[in-house]
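Please read the structure below before turning to the comments.
The values are calculated or read from the model by the stated rules, or taken from the named source; none is laboratory data. None of the values given here were measured: they were computed from a predicted structure. No Cβ is skipped: glycine too gets one built from the backbone with ideal geometry, and neighbour counts run over all protein chains shown. SASA here: full protein model, heavy atoms, side chains in, ligands and nucleic acids out. Shrake-Rupley method; radii C 1.70, N 1.55, O 1.52, S 1.80 Å.
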Amino acid sequence: MKDEEFEALVARLDPVAQRDPQGYRRKVLVLAVLGNLYVAGVLLLLVALLVAIVVNMLHKHSPVGGHVALGILALLAISLRALMVKVPPPEGIEIPADQAPALHAMIEELRARLDAPALHHVLLTDEFNAGVLQSPRLGLLGWPRNYLVIGVPLMKALTPGQFKAVLAHEFGHLSRGHGRLSNWVYRQRLRWSQLVERLELTRVTGLFLFKPALVRFVPYFNAYSFPMARANEYEADATSVQLTSPQEAAAALTMCETAGAYLQERFWPSVHGQADDHPEPVGAPFREMSDRLAEDLDPSAAAHYVERAMGQPPNVIDTHPVLKDRLAAMGQAPALEFPPAGEAADQLLGSVLGPVVDVLDRRWAGGIREAWMARHHAVQGQRRELQALEERVARGESLSADEGCQRAMLTESTGADAGRALAQLTEIQARWPDHPLACFLLGTRLLDRDDAAGVAMLETAMRQDDGVIARSCECLRDFHLRGGRPAQAREWDDRLKRRLEELEAISLERSEVRSNDKMLPHGLTDAQVADLRRVLKAIPGLRKAYLARKRVKHLPDEPCYVLAFTATGFFQNYSEQRRADIVAAIQSQVTFPGETLIIHVEEYNAAFRRLFRWVRKSRIV
């Protein structure tokens, strides 16, 4: 189902769900049941066929029936494995009740008041999030193991009351009372989506009984049940209000939006930015997080994030409503309530807070060490390059457009001076108005500042260089979304999708050779062929080599060469290891004049040799 069809169906169903909520819910329930009945029906059909064949074998002693029965049994086993969606258990630091009694007391209070299922594990993670995850042991049949996953950064950003409101929302999705049907549909959507992901990755022919139908059914079911799924979020918010208060629930939503944006956009970039000057990871970000939140996220700084979140338009991509709509449903305004020093929700962890934070910091340092060192090494090289360019400018030398663009990018990244970089790009673009890289770099930075002058810049860049089309479309889409212009945003999003599909087709066309491909003369000079022949003849085991140019539909002016070879002599058996060694040698020793595919044309690939038979001068060894 295409995005436009998804959105159209949701738009059509929204008023239906509001006008006749009971009738709409019954239709969703029927649709979900039909999906499950289809799966169960196919499995029962396979079982019935298997039983019938076995019974027939016992009466007629047919050996053919045995082969058919084994085939059906294998298909049944494969189908069951594919349908048994196993969600791997989440990772985290498990906190039993005796280690954090205050936290578990809050959890048990909420669970009991909502008559929610028992929790099997409470895990702490390094993410700014919280959620109840279910890992079904029997796939679509259920029997879940329940995990409560809590991010320590979330606890550090909220008061205990706000944190309780967040937990109440998550438990609301599992409640056995209010919203039971919508909760079931909510979980059903997750299971169906997981099942389709599993089937998409399973390349077994026998799954034709499930795969085509479910790949079509699940997107339709997700779209049809979208209004109910979004309503489920409002119901979970109502549960949060009921178990805490409207003020606490509103403050929790506001602080989650605010602190989450701060951590992503300011805190973590500043932590990782230390790699520019230090070769090894420094600091303890999870231990320092509380102080940084208190210092940096004051009401004036937070107001920017709140204003931006409240300006987000509704969408049909995420079942979570935007902040403005969620607060309106509670009858509340945005509320910024910061936890006093030493009184954030992380204090519910008691004596285990320190050890948990230490573990997170050690894991962070170990996990990021390699990337940290790579960034440090790269930045040192960039600083040397920027210094060399600045010295040339100081001597009065003129930089080319490409060198000027490189200087601006280094000034922005390594020099951390975005304003100066923007001035440099403006000067370069004025001097070379149609230079694609200058237009692209300047256009994206203007749009990031919501300056509409960047639109023309990106349009010029796209006309000059196909390589910037995808990124430019993405920037233009986001610019119009921020400005509340959904129609224009949709146009650029559609163009982005077309470009991505085109890039995928280009990649596929240039990544394989098919038996019906058309080969053309390679078009290389005699000197180029002589150089290739000399290197190829020196590769041990290589006997014959053919070179041609594949006729391509996309980017026909950019050659796609194909080198075909044989490696088996008259008195030799074909060797897969010999073939692999020759391919490795070709890749490491041969310099081709352009993009080149390498294939062997013997054994199971022997039919491909005919592609080169009538191509003039294709035999080069």
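Were the residues from residue 44 through residue 129 laid out at 0.36 nm apart, the gain over their Cα-Cα distance would be 26.5 nm.
Distance between the modelled labels on residue 507 and residue 537, one decimal in nanometres: 4.0 nm (7 Å Cα→Cβ projection).
For the chain, rounded, prolate or oblate, judged on the Cα gyration tensor with a ≥ b ≥ c (square roots of eigenvalues), a/c < 1.5 rounded, else prolate if a/b > b/c? Working shown, then result.
Working: a/c = 1.87, a/b = 1.16, b/c = 1.61.
Taking the square roots of the gyration eigenvalues as a ≥ b ≥ c, the chain is oblate.
Summarising the strand pairing of the chain, around 65 percent of its internal DSSP beta bridges are antiparallel.
A Förster distance of 41 Å, applied to the separation of the beta-carbon atoms of residue 291 and residue 487, puts the FRET efficiency at 0.35. Every helix of 4 or more DSSP H residues in the chain counts as -39500 (n - 2.57), and over all residues that averages to -20500 deg cm²/dmol at 222 nm. The spacing between the stretch 506-565 and the stretch 287-310, judged by their C-alpha centroids, is 58 Å.
In square angstrom, what is the accessible area per residue of the chain with a 1.4 angstrom probe? Walk me through the intermediate numbers first.
Details: 32420 Å² over 621 residues.
So the chain comes to 52 Å² accessible per residue, rounded to a whole number.
What the Cβ-Cβ distance of residue 365 and residue 11 gives, at R0 = 41 Å and to the nearest 0.05, is a FRET efficiency of 0.25. Using C-alpha pairs under 8 Å with a sequence gap of at least 6, the mean separation divided by the residue count of the chain gives a relative contact order of 10 percent.
The phi torsions of the stretch 40-52, fed into the Karplus equation with coefficients 6.51, -1.76 and 1.60 and a -60° offset, translate into couplings of 5, x, 5, 5, 5, 4, 4, 5, 5, 4, 4, 5, 4 Hz, rounded to whole numbers, with Gly and Pro shown as x. The accessible surface of the chain, taken with every protein chain in place and a 1.4 Å probe, is 55 percent carbon and sulfur. From most to least packed by mean Cβ count within 10 Å, the peptides 150-157, 451-458 give 150-157, 451-458. Compared with the direct C-alpha span, the chain from residue 607 to residue 324 gains 95.6 nm at full extension, assuming 0.36 nm per residue. A crude spin-label estimate for the pair residue 304 and residue 98, with each label 7 Å from Cα along the Cβ direction, gives 4.9 nm.
Residue-wise HN-Hα couplings along the stretch 522-530, as the Karplus relation 6.51 cos²θ - 1.76 cosθ + 1.60 with θ = phi - 60° gives them from phi, are 5, x, 7, 6, 4, 5, 5, 5, 4 Hz; Gly and Pro carry x. Separation of the alpha carbons by more than 24 angstrom is noted, of 497/553; 550/617; 497/550; 27/324; 497/518, for 497/550; 27/324; 497/518.
Relative to its residue count, the stretch 360-426 spans a Cα convex hull of 95 Å³ per residue.
You can think of it this way: the chain between residue 587 and residue 449 has 45.2 nm of extra reach, that is 0.36 nm per residue less the Cα-Cα gap. Setting aside same-chain residues fewer than 8 positions from residue 544, which aspartates and glutamates have a Cα under 17 Å from its Cα? Straight-distance partners of residue 544: 531, 576, 581, 602, 603. Just to confirm my numbers, what's the Cα centroid distance between the stretch 1-53 and the stretch 346-371 in Å? If we compute the Cα centre of each part, the gap is 44 Å.
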